[in-house]
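K.L.:
So that we are looking at the same thing, I have put the structure below in structure tokens.
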Amino acid sequence: MPVTKEPVYASQARPWLASYEPKFRDMPTPDCTAFDYICRQNKNHLSDIALMYYGNQITYATLFVQVKKTAAALRAAGVAKGDIITGVSVMTPELIYLFYAADMVGATLNLVDPRYSPDGIHEYIQEARSKLLICLNICYDKCHQALRRTTVEKVLVFSPADSLKGPMKLAYAAANPDRNRYASNVIHWKEFMAAGKNASTASEPFDPAHSCVMVHTGGTTGSPKGVLLGDTAFNAIAQQFSAFESVFQRQQRLLNVMPPFIAYGYACGVHLPLSLGLTVVIIPKLDPNELGKLILKYKPAHMFGVPSHYQVLAADPRMKKKDLSFVLNLACGGDAIPLGAEQSVNAFLASHGAPYGLAKGYGMTEVCSAATAAAGIHNKLGSVGLPLPSTVVSVFEPGTDQELPIGQRGEICISGPSMMQGYFDKPEETALVMRKHPDGRVWVHTGDIGYMDPEGYVFLDSRIKRMIIRHDGFKIFPSMIENVLSTHPAVANCSVVGCTDKDHVQGRLPLAYIVLNPDCQKKKRQIVRELRALCADELPEYVLPVGYKFIDNLPLTPVGKVNYLELEKQITPQDY
């Protein structure tokens with residue numbers, strides 16, 4: 001009689017731990033503030049460079065002093081434990097000082113995208129009931145409009161030039177004169193810092209319930225929410241990445257290009273590298289077309305970005321014959337990358353001497369950005385990596401607490417020390433996402449569909465919301481089609497969305513958007529015939545796209561993800 005194999009469940013077997021050294025398995029998360037953690041990690045390396053900002057090199061000693069002075073200035077400005085202060089800015093040294101200083105005094109930094117409208121900024125200020133607003137001077141006019149009928153009493157304004165030095169500072173001031181007409185409640189950075197001269201620089205005692213930041217997301221339930229992330233979450237992310245010790249070494253450079261108002265930007269772009277003793281090269285506003293130039297200039301070993309960054313980099317003619325052997329970890333998160341695009345980026349890196357292929361990761365704001373990672377030799381094509389060593393990832397029957405065996409597809413759920421504390425003032429929404437299962441664990445339900453292989457590598461199919469359901473109930477995952485289309489040599493990029501089924505009163509069908517390689521010489525009709533044949537060979541019949549629409553570039557959200565909703569809006573009846 002054939003032997004029936006018992007099902008293996010990820011939460012019990014945790015096969016990914018075999019890929020980590022024993023010392024990194026089940027590490028106790030540091031019970032200290034985020035600021036205390038970077039101080040502990042760098043106490044014997046104070047002369048090392050922590051931040052690089054347009055030629056200004058800021059040591060760890062200077063960083064720590066500036067954070068303490070900023071904490072004193074916050075106290076002098078009336079900020080107390082439990083307050084929420086709203087910040088509207090791109091990444092600058094001042095915003096990094098404020099992140100750790102707010103943590104020291106027990107306040108929470110409410111991070112808001114400066115591209116929002118005055119009405120949008122107004123809503124986030126009102127929600128947090130902030131008394132202090134912090135903004136970059138170039139955002140002041142918009143923020144001033146947003147302040148009407150809010151609780152804000154003081155506005156702290158700083159300039160991108162505040163941390164510049166010498167000729168660069170003078171050149172910036174000459175090219176960007178500050179013409180704002182400031183209200184009487186405005187404090188400028190220099191006077192703000194001076195006012196804290198006699199205030200306390202002591203840290204509040206570590207409080208596991210304290211929230212370092214509030215960042216905003218649509219999350220898995222649609223409506224905008226403030227995600228509260230604590231010291232434990234930030235420290236856990238940094239500590240778990242130390243397990244990739246062959247990739248991360250002290251005083252390597254990390255190119256920081258992600259914005260501060262998303263968890264990915266602060267957790268992976270600031271706290272993680274500072275905890276590991278790296279140098280953070282601050283790029284406040286990235287032009288993706290200039291990425292190659294920046295990489296050649298700063299020679300970073302690391303960068304955390306999104307798929308579109310690396311696809312632009314691989315196509316940059318300025319990178320031809322350039323040596324990239326210094327690049328160890330070009331990490332891709334925030335959005336799925338099609339299989340063909342990953343292969344193209346890997347071929348680009350290999351041909352330029354980089355020792356490893358594209359690193360990938362998976363997570364969400366609700367788990368402080370990262371739950372899995374593929375870095376160095378721990379990588380597998382098409383996967384989003386292994387669960388981090390102190391994190392548990394498994395697959396469940398969608399919407400339930402029924403765990404599925406390894407290998408089966410279902411909803412990806414995450415449990416571990418980097419989970420959020422909850423959504424701000426939204427207990428019902430929190431309960432929908434963070435659920436205690438019969439195993440006693442609290443699991444974050446991601447709303448993503450995927451599976452885990454026997455080694456513990458996680459493969460992502462699609463968000464549940466992106467899933468296309470046909471009239472007959474068959475489910476179509478866009479990534480299945482994108483992975484096939486992206487292997488065609490004429491396809492530079494692609495995305496699949498659902499369109500109305502003209503022949504049935506319900507259900508949707510897949511339609512493919514195609515971005516062609518610039519050097520493609522074939523006619524579009526010929527390419528469509530080839531794509532249809534390729535899909536017919538590789539995919540089940542019910543999955544085949546009903547139409548192919550060519551587009552110059554895929555629309556992106558402000559943080560560089562593909563804007564699927566915009567693509568759906570652009571569909572016309574003539575497209576299929």
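K.L.:
Looking only at the stretch 216-246, filter to residues that are of a type in the set (Val, Ile, Thr) and modelled with pLDDT of 95 or more; which one of those is farthest from ALA301 (Cα to Cα)? Break it down stepwise before answering.
P.N.:
Start the filter on the stretch 216-246 by keeping residues that are of a type in the set (Val, Ile, Thr), which leaves 217, 220-221, 227, 232, 237.
Adding the requirement that they be modelled with pLDDT of 95 or more leaves 227, 232, 237.
On the way: VAL227: 30, THR232: 26, ILE237: 19 Å.
So, considering only residues that are of a type in the set (Val, Ile, Thr) and modelled with pLDDT of 95 or more, the one farthest from ALA301 (Cα to Cα) is VAL227.
K.L.:
Considering only residues that are hydroxyl-bearing (Ser, Thr, Tyr) and modelled with pLDDT of 95 or more, look in the stretch 320-361 and name the one that is nearest to ASN517 (Cα to Cα).
P.N.:
Filtering first and then ranking leaves SER351.
K.L.:
Being modelled with pLDDT under 85 and surrounded by fewer than 20 Cβ atoms within 10 Å (Cβ to Cβ) is the filter here; which residues of the stretch 447-465 pass it?
P.N.:
Kept after step one, since they are modelled with pLDDT under 85, are these residues of the stretch 447-465: 461-465.
Selection gives ARG463, ILE464, LYS465.
K.L.:
Could you list, in sequence order, all residues of the stretch 126-136 that are part of a helix (DSSP H, G or I) and farther than 30 Å from CYS39 by Cβ?
P.N.:
Selection gives GLN126, GLU127.
K.L.:
Looking at (1) under 21 Å from CYS268 (Cα atoms); (2) crowded, with 20+ Cβ neighbours inside 10 Å; (3) of a type outside the set (Gly, Ala, Ser), which one does ARG40 not meet, given that it meets all the others?
P.N.:
So ARG40 meets the others, but not (2).
K.L.:
Please determine whether any residue of the stretch 443-451 is in a loop (DSSP other than H, G, I, E, B), at negative phi and not aromatic (Phe, Trp, Tyr).
P.N.:
no
K.L.:
Every residue in the stretch 310-344 that is touching a Cys at 6+ places or on another chain (Cβ under 9 Å) and buried (at least 21 other Cβ atoms within 10 Å of the Cβ), please.
P.N.:
Passing the criteria: TYR310, ALA331, GLY333, PRO338, ALA341, GLU342.
K.L.:
Something else now. Out of LEU255, LEU228, I need the residue that is surrounded by 14 or more Cβ atoms within 10 Å (Cβ to Cβ) and free of Cβ contacts under 8 Å to residues at least 60 places away in the same chain. Which one?
P.N.:
LEU255
K.L.:
Being outside any loop (DSSP other than H, G, I, E, B), more than 27 Å from SER211 (Cα to Cα) and assigned by TED's automatic domain parsing to the domain that holds ALA341 is the requirement here; does LEU313 meet it? Step through it out loud before you land on a result.
P.N.:
Values: outside any loop (DSSP other than H, G, I, E, B): yes; more than 27 Å from SER211 (Cα to Cα): yes; assigned by TED's automatic domain parsing to the domain that holds ALA341: yes.
So LEU313 passes the test.
K.L.:
Do you know which of the residues in the stretch 137-181 that are assigned to a helix (DSSP H, G or I) and of a type in the set (Lys, Arg) is farthest from MET193 (Cα to Cα)? Talk me through it step by step, then tell me what you get.
P.N.:
Residues of the stretch 137-181 that are assigned to a helix (DSSP H, G or I), as a first pass: 137-146, 166-175.
This time we only want the ones that are of a type in the set (Lys, Arg), so: 142, 169.
Values: LYS142: 24, LYS169: 19 Å.
Per the stated criteria, the residue is LYS142.
K.L.:
Of the conditions (1) more than 16 Å from ASP575 (Cβ to Cβ); (2) hydroxyl-bearing (Ser, Thr, Tyr); (3) in contact with a Ser or Thr (Cβ under 9 Å, 6 or more places away or on another chain); (4) not assigned by TED's automatic domain parsing to the domain that holds ILE412, TYR542 clears all except one; give me its number.
P.N.:
Going through the list (1) more than 16 Å from ASP575 (Cβ to Cβ); (2) hydroxyl-bearing (Ser, Thr, Tyr); (3) in contact with a Ser or Thr (Cβ under 9 Å, 6 or more places away or on another chain); (4) not assigned by TED's automatic domain parsing to the domain that holds ILE412, TYR542 breaks only (3).
K.L.:
Tell me the residue from ALA161, ALA173, ALA195, ALA183 that is touching a residue at least 40 places away in the same chain (Cβ under 8 Å) and either over 20 Å from ILE282 (Cα atoms) or in the same structural domain as GLY82 (by TED's automatic domain parsing) (or both), please.
P.N.:
The match here is ALA195.
K.L.:
Would you mind listing the helices (runs of 4 or more DSSP H) fully within the stretch 18-125 where at least 2 residues are free of Cβ contacts under 8 Å to residues at least 60 places away in the same chain and out of contact with any helix residue (DSSP H, G or I) (no Cβ under 9 Å at 6 or more places or on another chain)?
P.N.:
60-76
K.L.:
Right, another one. Restricting attention to the stretch 386-400, which residues are modelled with pLDDT of 95 or more, in contact with a strand residue (DSSP E or B) (Cβ under 9 Å, 6 or more places away or on another chain) and either of a type in the set (Gly, Ala, Ser) or surrounded by fewer than 18 Cβ atoms within 10 Å (Cβ to Cβ) (or both)?
P.N.:
SER394
K.L.:
Next question, about the same structure. Test of understanding: among VAL327, VAL345, which residue is of a type in the set (Val, Ile, Thr), in contact with a strand residue (DSSP E or B) (Cβ under 9 Å, 6 or more places away or on another chain) and either farther than 20 Å from VAL562 by Cβ or not assigned by TED's automatic domain parsing to the domain that holds GLY376 (or both)?
P.N.:
The unique qualifying residue is VAL327.
K.L.:
Hey, another quick one. Hey, can you tell me all the residues within the stretch 514-573 that are touching a strand residue (DSSP E or B) at 6+ places or on another chain (Cβ under 7 Å) and under 30 Å from TYR266 (Cβ atoms)?
P.N.:
ASN553, LEU554, LEU556, VAL562, ASN563, TYR564, LEU567
K.L.:
Just to be sure before I move on: is GLY120 more than 18 Å from the chain's Cα centre (by Cα) and either surrounded by fewer than 20 Cβ atoms within 10 Å (Cβ to Cβ) or among the hydroxyl-bearing types (Ser, Thr, Tyr) (or both) in the structure I sent? Quick ask: steps written out before the conclusion?
P.N.:
Details: more than 18 Å from the chain's Cα centre (by Cα): yes; either surrounded by fewer than 20 Cβ atoms within 10 Å (Cβ to Cβ) or among the hydroxyl-bearing types (Ser, Thr, Tyr) (or both): yes.
The answer is yes for GLY120.
K.L.:
Residue by residue through the stretch 350-368, note down the ones that are small (Gly, Ala, Ser), farther than 19 Å from PRO338 by Cβ and not in a helix (DSSP H, G or I).
P.N.:
Within the stretch 350-368, the subset small (Gly, Ala, Ser) is 350-351, 353-354, 357, 359, 361, 363.
Those still in the list that are farther than 19 Å from PRO338 by Cβ too: 351, 353-354, 363.
The answer is GLY353, ALA354, GLY363.
The values are calculated or read from the model by the stated rules, or taken from the named source; none is laboratory data. Predicted model, so just to flag it, every value in this text is computed and none were measured. Because the Cβ atoms are built from the backbone with ideal geometry, glycine has one as well, and the counts that use them run over all protein chains shown.
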